[in-house]
Amino acid sequence: MTKDEIMELQRQLANAGFYEGLIDGLWGPMSEAAMKASMSAAQLRKEQCVPSQPVTSGNGMVVAWGARVSRTFIDRVIWIQQNLGMPSEGVNWLMACMAWESAESFSPSIVNMAGSGAVGLIQFMPRTAIGLGTSSEELARMSAEDQLNYVYRYFLPYKGRLRNLGDVYMAILWPAGIGKADDWTLWDRNKRPTTYRQNAGLDLNKDGLVTRSECLAKIREKYNRGLSTEFRAVI
């Protein structure tokens, strides 16, 4: 590969949360390890799925946005939370992020209004769908409950790393932000002009930096709204 091709691959691996080295076009041990981790993650995503009949007991558990989905859907989200090594509150983090991404519809066929081609519960991009062993068209034809198989497969490479609401949303939006502090900068107008321009609406204070905290503002609102009496479920 040329230096430019290696740099582009390093960028992709970094954005996916696998590579933390310099984007320098030099293929070394860190680049090799990141590539192997990415390939292992891809294999895991193909092999793992949510059991058809996960059994859970709620014991009075409050589920954000639970009134908008079936009990089977809730059970499967609980299974995902448990198998990703998330704390119990992770159920509500997942629900809040899916509510945000699906415009509160929890529809498996909802499409991105900006024309990106993204679809479904976490707005799977067409390229992402292919990497998960499916397609945008197939995802859109699934039930919401069955599409959770692919939600799980998507999150699986980040197992054990999703420790708060911000980490869950970063896994969807910009995986390199998983585990970072909320003042961490995702996009700098000077250093990443293209991605900054595409996400400039998230720069709440208009300082030329989009921070993790700014990205999470709407997600926190969605989390709190989902726990209101109107939208929550107690199981």
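The numbers here are math on the coordinates, done by the rules we state, and not lab data. Values in this document were obtained by computation on a predicted structure and should not be read as measured data. Because the Cβ atoms are built from the backbone with ideal geometry, glycine has one as well, and the counts that use them run over all protein chains shown.
Dividing the mean sequence gap of close Cα pairs (under 8 Å, 6+ apart) by how many residues segment 149-235 holds gives a relative contact order of 20 percent. Principal axis analysis of the Cα atoms in the chain yields extents of 54, 42, 32 Å, listed in decreasing size. Shape descriptor for segment 98-189: Rg over Rh equals 0.98 (Cα atoms; Rh from the Kirkwood inverse mean 1/r).
Sorting the Cα pairs of segment 87-132 by distance into bins of 5 Å, from 0 upward, gives 5, 25, 25, 21, 15, 7, 2 percent per bin. Using C-alpha pairs under 8 Å with a sequence gap of at least 6, the mean separation divided by the residue count of the chain gives a relative contact order of 24 percent.
A cut-off under 10 angstrom between Cβ atoms defines the neighbours of G226, and their net charge, with Lys, Arg +1 and Asp, Glu -1, is +1.
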